[in-house]
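Novice: Pasting in a structure now, in structure tokens, and then I'll have a few things to ask.
The values are calculated or read from the model by the stated rules, or taken from the named source; none is laboratory data. Small disclaimer: the values here were computed from a predicted structure and weren't measured. All Cβ positions, glycine included, derive from the backbone under ideal geometry; neighbour counts span all protein chains shown.
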Amino acid sequence: MRNGDLLASDDGFCVEIQSAAEIVLEVTSSSALTLMRIAYHFGNRHTPLMLSENAIWIESDAVRADLARRLGGDVKIVSLAFDPEAGPYQGGIKHNHESHDLSDSHGNFIAEDFDFGNLGEVLSRQAHAGKTP
């Protein structure tokens, strides 16, 4: 569940999810490129993060704070409702390699993956299956 999600009962009662404030690290930089590099390195480490044009927020962690500083970021501790990016495989698109074969009976890629620009999904399924394109 995410901040702002609604839960509804069968009788129509609704509850809105509201994230509680927590201690997180706020990473900023006067350089957009530096902030982009920091986001790249966090993403490369699968770090959950929340983004804006001027800041990155991550869960409080001394090692990641040091990484951000080494890459030129300014780091401070703040308290806010942390609502990290959901990622491409949450909320609708599922990353399930067992859900369907990676190719049809003739060994061709599934057209759906190309139609929706999911070449990465095709290659990922191949890698997990130990196949090469």
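Novice: State the number of residues belonging to the range 53-66 that are buried (at least 16 other Cβ atoms within 10 Å of the Cβ) and either in contact with a Gly (Cβ under 7 Å, 6 or more places away or on another chain) or in a helix (DSSP H, G or I) (or both).
Specialist: 2
Novice: Looking only at the range 17-33, which residues are loosely packed, with under 15 Cβ neighbours inside 10 Å and assigned to a loop (DSSP other than H, G, I, E, B)?
Specialist: Ile17, Gln18, Ser19, Ala20, Ser30, Ser31
Novice: Hey, another quick one. Go over the candidates Ile77, Ile93 one by one and state the one that is modelled with pLDDT of 90 or more and either assigned to a loop (DSSP other than H, G, I, E, B) or more than 21 Å from the chain's Cα centre (by Cα) (or both).
Specialist: Ile77 is the lone residue from the list that is modelled with pLDDT of 90 or more and either assigned to a loop (DSSP other than H, G, I, E, B) or more than 21 Å from the chain's Cα centre (by Cα) (or both).
Novice: Scan the range 34-52 for residues that are among the polar types (S, T, N, Q), farther than 15 Å from Ala86 by Cα and either exposed (fewer than 12 other Cβ atoms within 10 Å of the Cβ) or in contact with a helix residue (DSSP H, G or I) (Cβ under 6 Å, 6 or more places away or on another chain) (or both) and jot them down.
Specialist: Once the filter is applied, which keeps residues that are among the polar types (S, T, N, Q), farther than 15 Å from Ala86 by Cα and either exposed (fewer than 12 other Cβ atoms within 10 Å of the Cβ) or in contact with a helix residue (DSSP H, G or I) (Cβ under 6 Å, 6 or more places away or on another chain) (or both), the range 34-52 yields only Asn44.
Novice: Spot the failing condition for Arg125; the list is (1) more than 25 Å from Met1 (Cβ to Cβ); (2) surrounded by 11 or more Cβ atoms within 10 Å (Cβ to Cβ); (3) modelled with pLDDT of 95 or more, and only one is missed.
Specialist: (3)
Novice: Considering each of Met36, Met1, Met50 in turn, give the residue that is assigned to a loop (DSSP other than H, G, I, E, B) and not hydroxyl-bearing (Ser, Thr, Tyr).
Specialist: Just a single option satisfies the conditions, and that option is Met1.
Novice: Continuing with this model, one more query. Condition first: of a type in the set (Ser, Thr, Tyr) and over 14 Å from Arg69 (Cβ atoms). Now tell me which residues in the range 15-29 satisfy that.
Specialist: The answer is Ser19, and nothing else.
Novice: Separate question: Hey, could you check the range 1-26 for residues that are within 15 Å of Glu59 (Cβ to Cβ) and of a type outside the set (A, V, I, L, M) and say which is modelled with the highest pLDDT?
Specialist: Glu26
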